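Worksheet: the structure to be examined is printed underneath.
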């Protein structure tokens, strides 16, 4: 493993709080390898962007005030912090802007222009579907302002099912997404069936 990769992993392992947020980075990078299969891309760029893209969602990096948090742009924070962090790890200077661009366009509503950005964004969409998507959402109920109740979490999962699959760009991602989509659809159907008279 290249030294900058170990340095980035070590940094994120210290900063990722709550602790379960650390799992997203290695899972996401593993997904980028699957999504990127058959495509020509720079894995150093994708690796670094995958590990640094969510820096702005960690406790200690994001605002704690609910009003400030509601307006918080975590991607912009990661974009601003990434160049200095990459420099400190010894990451190749000529690739820093490409990492920043991939981070900038990693969210589903964005439109990445580089293959590295497309791979990262597609992989991040996969993390919001299937069993992992359900677990990540459920773990936030009651401690994330977006998910005060199970009802809010279920609404978020329904929105993910409706809006995320059409945003996928690569055929490799579509194939990986199918079982995740079916699992999420089955879960939501079961939830609807079992939640009467109220989910709350």
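The values are calculated or read from the model by the stated rules, or taken from the named source; none is laboratory data. Everything quoted here is computed from the prediction, not taken from an experiment. Neighbour counts are summed over all protein chains in view; Cβ atoms, including those assigned to glycine, are modelled from backbone coordinates with ideal geometry.
Descriptive notes on the structure:
- Out of 138, 155, 175, 189, sole residue that is out of contact with any helix residue (DSSP H, G or I) (no Cβ under 7 Å at 6 or more places or on another chain), without any contact (Cβ under 8 Å) to a residue 24 or more places away in the chain and either surrounded by 16 or more Cβ atoms within 10 Å (Cβ to Cβ) or under 30 Å from residue 65 (Cβ atoms) (or both): 155
- Residues of the range 98-123 that are closer than 19 Å to residue 5 by Cβ and surrounded by fewer than 22 Cβ atoms within 10 Å (Cβ to Cβ): 98, 100.
- Being buried (at least 17 other Cβ atoms within 10 Å of the Cβ), in contact with a helix residue (DSSP H, G or I) (Cβ under 6 Å, 6 or more places away or on another chain) and farther than 15 Å from residue 114 by Cα is a condition met by no residue of the range 33-47.
- Among the conditions (1) more than 19 Å from residue 34 (Cβ to Cβ); (2) surrounded by 14 or more Cβ atoms within 10 Å (Cβ to Cβ); (3) assigned by TED's automatic domain parsing to the domain that holds residue 74, the only one that residue 94 does not satisfy is (2).
- Selection status of residue 8, buried (at least 18 other Cβ atoms within 10 Å of the Cβ), at pLDDT 95 or above, more than 16 Å from the chain's Cα centre (by Cα) and within 24 Å of residue 128 (Cβ to Cβ): yes
- Only residues that are touching a strand residue (DSSP E or B) at 6+ places or on another chain (Cβ under 7 Å), part of a helix (DSSP H, G or I) and free of Cβ contacts under 8 Å to residues at least 24 places away in the same chain were counted across the range 57-92, and they come to 1.
- Enumeration of residues in the range 141-152 that are surrounded by 15 or more Cβ atoms within 10 Å (Cβ to Cβ) and not in a loop (DSSP other than H, G, I, E, B): 150, 152
- Taken over the range 108-135, the residue count meeting the criterion of being closer than 14 Å to residue 187 by Cα and not in a loop (DSSP other than H, G, I, E, B) is 6.
- Looking across the range 45-56, the residues that are in a helix (DSSP H, G or I) and within 18 Å of residue 22 (Cβ to Cβ) come down to 47, 48, 49, 50, 51, 52, 55, 56.
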